[in-house]
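The values are calculated or read from the model by the stated rules, or taken from the named source; none is laboratory data. No experiment lies behind these values; they were computed from the predicted model shown. So basically every Cβ, Gly included, is an ideal-geometry build from the backbone, and we count neighbours across all protein chains shown. Areas reflect the complete protein model, heavy atoms only, side chains present, ligands, DNA and RNA absent. Shrake-Rupley method; radii C 1.70, N 1.55, O 1.52, S 1.80 Å.
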Amino acid sequence: MLRVPTKTLKSEQAPVRLPAELLPELVSKKRVLLCLDYDGTISEIVQDPAAARLVPGVLEVLAAFATRRDRIAVAIVSGREVATLREILHVPRGIALSGIHGLELVDFEGGEEILQGARECKSDLEDVRKWLDENVPAGEGFVVEDKRFAVTLHYRNAPTTMARNVRDAFAQFIHDHAPQLAMLDSKMAAEALPKSASKADAVRALWQRAGKDFEPVYFGDDLTDEDAFRELEGRGVTVLVGRPRPSAARYRVSLGKLGSVVILSVAREGEALGTTVDGREMRLQTIEEVSVAAPRIANSIVHGTPLHDTETVDNLVGDETRTPKAKPGKVHFALGILGLLPPLDHGVGPAPGADLELHYETSALAIGGGMRFGSGSASSGSPHMDFYSFYVGGRYFSSNTDLSPYVGGGLSWSYLKLRLPDGSFDGDNSGLGAFAEGGVEIMRTHHAHLAFGLRFDLPFFELNNRSYAVSYSPAVNPGTPGSGGAASTSSRAWYYAPLSLEARLTF
């Protein structure tokens, strides 16, 4: 049996790994035409081709890209029909589609067209359909996919020897009896399609409609993508997705799955082609974590630091995430103990108290409110204090790592009572006030945080003295009526701005 050469030829070298900083730098400097193959690149390869669906999270990312049409033009290039892509993708407006290896096109504005060479092969395609109907064994795992302008024979689920024999016979028939068609091999599939069809044509058409000021970037995993890789050789960025193999692509990126775990691997290449001087790998729980993990890997490689040094509150992925997982913003409950200091000229023995707080926290800010209360004195010879307050306010964290200083402030309504041990003052009052605080919080990447700090309260009121001091004035003329000593009483207010020490555990 003659083995008919297919349209796609392999180059002799395997591509090097995609440098982590290459695409971010490219997007920051130029407008980009991003072309993505569908099967095996943004969808997983499955046993039933009709069941292949986008990897979760990809469509949301593409939709976000589509809103920046001034900077990035997105296109999906596939061997599938455009109608099938629309059915399974539900792509947002602004994303171009190229189907049947460039024979069908939906441009960035939604305009549809059939490219040259598709309709001229109608007779040969009918002969191919008839041959497949008569020669492909039923019930053996073969699947025939009719795409209107192309016909594909899938043999992934067929017995190996039988699949090879049927594939070779199919190739021989195309060579002998369908001169307008070419045979195109892909992963466990053979396709008969017009000779004019190729993903190189698809890329040329998309580049023309996007604009020549856009820099093309093409991601693909299959042999059918090699035409596009060669078309862009020396003019764009071509990336092979998957395991190393000979390819015309310049770069390669690995994104594999180990059970339910996604593995992201990025390396820095050496000066010699194919050599690697540094690399990092992270295990992710979902594909959505790639956008968070990739900058961390790039930062780790560029600065030569361990991956765990790149952890912050809002970039944890995979096994690093806490249970429940950290989110950019989350509601927390905090329980604390505190000591309220008396006027410093009367000692530094704090009155014990507690703090209950509920707040919403992001990586840099916390906003919320709570209640503080306490009563007592450090010893029998220390001032006695009673207090409770309700407050609202916020904190700013200077770092989003495990150790972060913070400052904060807000408004409060407080009741304060102070009794000095010498009896010279025993007063209380209540009203509005303000407060300022500062300290340090640790373990911020964990579910429970621990903070230590100082708080300075500034009441908008004075304490009213309820004690009376009695004083006597001596007689002016002793023995003279009306000139004897007199007793008098005095009462004074006291402004008291408490300083407190705090330890707080946040859940």
Just name the residue that is nearest to Val91 (Cα to Cα) out of those in segment 63-78 that are in contact with a strand residue (DSSP E or B) (Cβ under 8 Å, 6 or more places away or on another chain) and in a loop (DSSP other than H, G, I, E, B). Ser78
Which one is modelled with the highest pLDDT, of the residues in segment 1-39 that are exposed (fewer than 15 other Cβ atoms within 10 Å of the Cβ) and among the basic types (Lys, Arg)? Lys30
Take Val407 and decide whether it is β-branched (Val, Ile, Thr), in contact with a Pro (Cβ under 6 Å, 6 or more places away or on another chain), under 30 Å from Asn315 (Cβ atoms) and assigned to a strand (DSSP E or B). no
The correct count of residues that are in contact (Cβ under 8 Å) with a residue 60 or more places away in the chain, of a type outside the set (Val, Ile, Thr) and part of a helix (DSSP H, G or I) in segment 166-191 is 5
Filter segment 335-363 for residues that are among the acidic types (Asp, Glu) and touching a residue at least 12 places away in the same chain (Cβ under 8 Å); which is surrounded by the fewest Cβ atoms within 10 Å (Cβ to Cβ)? Glu357
Can you tell me how many residues in segment 79-100 are open to solvent by less than 10 Å² (accessible area, probe 1.4 Å) and either at positive phi or out of contact with any strand residue (DSSP E or B) (no Cβ under 7 Å at 6 or more places or on another chain) (or both)? 2
With respect to the numbered conditions (1) surrounded by fewer than 21 Cβ atoms within 10 Å (Cβ to Cβ); (2) at pLDDT below 90, which one is the sole condition not fulfilled by Arg164? (2)
For residues that are charged (D, E, K, R), within 18 Å of Glu81 (Cα to Cα) and either touching a Leu at 6+ places or on another chain (Cβ under 7 Å) or open to solvent by 70 Å² or more (accessible area, probe 1.4 Å) (or both), tally how many sit in segment 136-157. 2
Within segment 411-468, can you find the residues that are farther than 25 Å from Phe507 by Cα, touching a Leu at 6+ places or on another chain (Cβ under 9 Å) and of a type in the set (Lys, Arg)? Lys417
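Where residues in segment 418-445 are among the acidic types (Asp, Glu) and outside any loop (DSSP other than H, G, I, E, B), which of them is surrounded by the most Cβ atoms within 10 Å (Cβ to Cβ)? I'd like the intermediate steps shown before the answer.
Step one: list which residues in segment 418-445 are among the acidic types (Asp, Glu), which gives 422, 426, 428, 437, 441.
Imposing the further condition that a residue be outside any loop (DSSP other than H, G, I, E, B) reduces the set to 426, 428, 437, 441.
Values: Asp426: 16, Asp428: 17, Glu437: 19, Glu441: 22.
Here the residue is Glu441.
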Of the residues Asp133, Asp185, Asp176, Asp127, which is surrounded by fewer than 20 Cβ atoms within 10 Å (Cβ to Cβ) and at pLDDT below 90? Asp185
Please verify whether Leu153 is at pLDDT 90 or above, within 29 Å of Val239 (Cα to Cα), touching a Lys or Arg at 6+ places or on another chain (Cβ under 9 Å) and not in a helix (DSSP H, G or I), treating the condition exactly as stated. yes
